[in-house]
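Here, each number is a calculation from the coordinates, and none is a lab measurement. Keep in mind the model is a prediction, meaning the values are calculated, not measured. No Cβ is skipped: glycine too gets one built from the backbone with ideal geometry, and neighbour counts run over all protein chains shown.
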Amino acid sequence: MTSQGTTSSGHKLAVNVLVKHEQEGEVSASVLGLPDFRVVSHDRASALAQLHTLLADSLLQGELVTMEVDLPAQAHPWAPFAGIYSQSQLFEGVLAQMETNRSRLNAQIALGEDV
């Protein structure tokens, strides 16, 4: 990697950098998601330059790759509660009352009334 941020093959790597003003006038720069890549300097430009050098040197010794990992399927946390009232004799009445209340509320909103 050259100082301009390109490799010998001409590719560039874009990284997100957090620049923060620290105590006593120092400035820190860190690559988001890569906590080992953090520097502190006396000004923004030198902090960014130091971070660039640190990252470039590390990439000369290894490579940065992207991996996709299949996550295990997990049941929705509310799944055990699905259908628990399906056998209730009151269920249809509760649904009807909810629909009535929602219709009334929608009408009030449409008329601009306070709800």
FRET efficiency, 1/(1 + (r/R0)^6) with R0 22 Å, evaluated for ASP43 and VAL15 via beta carbons: 0.65
Under-5 Å amide H pairs with VAL17, H placed in peptide plane, nonlocal only: LEU32
Highest-fluctuation residue, ALA14, ALA82, ALA29 considered, GNM on the chain with Cα pairs under 10 Å: ALA82
Angle between the chain longest axis and helix 44-61 axis [Cα atoms, degrees, rounded to 10]: 90 degrees
Proxy reagent accessibility, fewest Cβ within 10 Å first, across SER30, SER86, SER46: SER86, SER46, SER30
Note, ³J(HN,Hα) from phi for segment 25-37, Karplus 6.51, -1.76, 1.60, rounded to Hz, x at Gly and Pro: x, 7, 10, 10, 9, 9, 7, 5, x, 10, x, 6, 9
Calculated FRET value between TYR85 and LEU34, using beta carbons and R₀ = 35 Å, to 0.05: 0.10
Gain on full stretching of the segment that runs from THR53 to VAL69 - 0.36 nm per residue minus C-alpha separation: 2.7 nm
